[in-house]
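Below: the structure, in structure tokens.
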Amino acid sequence: MIEPADHVEAKGGDARNREELRLAARIGRRDLKAFETIYRRYQPRLARFLLHILRRPHLVEEVLDDTLMVLWNRPDSFAGRSKLSTWLFSIAYRKAMMALRKQEDPIEDQAGEERISPGSSPEQHAGANRVKTVLLEALSRLSADHRAVVDLTYFHEMGYREIAQIMDCPVDTVKTRMFHARRHLRQELAGEFSDWV
Amino acid sequence: MADIIFLRDDPHRSTQMLLPWYVNGQLDASDAAAVEAHLCQCDACRAALDEEARLKKEIAALPVHADLGWEKLQRRLAPDLMDLQDDVRRPEKQPRFHQAWRNMARPAVLGAFAGAQIMLLAVAVLAFRPMADRAEYRSLGAPAARPGGNAIVMFRPDAVEQDMRLALDHAGARIVEGPTAAGAYVLNISPDRRDAALRDLQERSFILLAQPIEPDPPR
Ligand SMILES: [Zn+2]
């Protein structure tokens, strides 16, 4: 089940950040329990983010693993100047973009790799599912950068400054990407708004 | 659709640029004040705000998932962590089952956003396997503590708690364990009623999966 409750604000962003800085310091001292805590906390969030960007499950697996292992293998590279979450997402983003560049083959079946399940009674959920299907297809036609901004804003509920840090780009670029992505998504959804409750 | 023909430095444009972060509560005070000031006097941007909120909700709820190949993923990720766990935890400090359960459940954490039934089944099976270990383990030393799970159920994320409870009552099922990281619950159902009870549960629209699991060994 989706756990947006993991959102930092829910637990008091500052307290959460301080706790994670302490965990990172313990990881620097090779504390395996601390690493496990971070691993369990970030694996699902990073996996979703990477799936949005990469859309290729085999790459997600690899990049996700590599990203979290940076924290374990080279904890010194996290200097504590940003939040741990920002740092982890920026590594994941960088590695994902590198993986995409290396990847030359186009995706054969985008809809097949990122799709929804109809659940057990399709007729009851057909309306809601159609909106989801349209959204997933609309997302698939955006660039990886646009999808990253959309996911970080809507699902991970990050601010535009943090997203700019993660994507290593100007704040205005984040705003513009989001603006265009939303316009595209709204256009694709034009016929579906009546289904929205 | 509240699309507007924008001019450069148009207050509509600058407001609508910021709406996503107004909606997710991440604007700083001055940005938020500017957005609110404009919203007060602009119907079009208020309509855009409503759309924005709905769009965010839909996208945040998208069941994005991949067929990640659980066995492979587990081999790749879990062994590291299983080693880690063995290093940090002495076996006698924690029941053997618990550790196994956590290890098995970890790759299934990815199932947190899973939707496909086939994958859920794979997750459920993975997540369940340690239960059998526990049953065996406990039956050696403490028969009374055996939880006796013999079925597994997963609810749709939007299932209402009261419906869930009524359905379980009606099926004569009792939750003995869960939720796992993947959101599965282990049930105990009287063995002679189990097949009928599972058919009953499978009929419910808010239940994704209801499956028998390793039956109790004879007592
Ligand atoms: Zn306006």
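The values are calculated or read from the model by the stated rules, or taken from the named source; none is laboratory data. In this text, all values refer to a predicted model and were calculated from it rather than measured experimentally. Methodologically, a virtual Cβ is constructed for each residue, glycine included, from the backbone with ideal geometry; neighbour enumeration extends over all protein chains shown. These accessible areas exclude ligands, DNA and RNA; they are computed on the full protein's heavy atoms, side chains included. Shrake-Rupley method; radii C 1.70, N 1.55, O 1.52, S 1.80 Å.
General observations
- Accessible area that becomes buried as A packs against B, both chains, 1.4 Å probe, Å², nearest 100: 5900
- Among A:76-84, A:41-49, the order from most to least packed when residues are scored by Cβ within 10 Å on average: A:41-49, A:76-84
- In this structure A:Asp66 has an accessible area near 70 Å², from a 1.4 Å probe over the protein heavy atoms.
- The mean count of C-beta atoms from other chains within 10 Å of the C-beta of residues in A:149-156, rounded to a whole number, is 5.
- On a per residue basis, the stretch B:11-60 carries 45 Å² of accessible surface, using protein heavy atoms and a 1.4 Å probe.
- Taking the 1.4 Å solvent-accessible surface of the stretch B:11-60 as the whole, the part contributed by carbon and sulfur is 54%.
- A:Asp65 paired with A:Arg29, simple spin-label distance in nm, labels 7 Å along Cα-to-beta-carbon: 3.1
- All-pairs alpha carbon distance profile, the stretch B:11-60, 10 Å steps from 0, percent: 28, 58, 13
- Distance from the stretch A:81-103 to the stretch B:23-42 (C-alpha centre basis), Å: 30
- Residue pairs exceeding 23 angstrom between C-alpha atoms, taken from A:Lys33/A:Lys83; A:Lys95/B:Lys57; A:Lys83/A:Lys175; A:Lys95/B:Lys56; A:Lys175/B:Lys57: A:Lys95/B:Lys57; A:Lys95/B:Lys56.
- Taking 0.36 nm per residue of separation and subtracting the current Cα-Cα distance, fully stretching the chain between B:Ala34 and B:Asp158 would add 41.0 nm.
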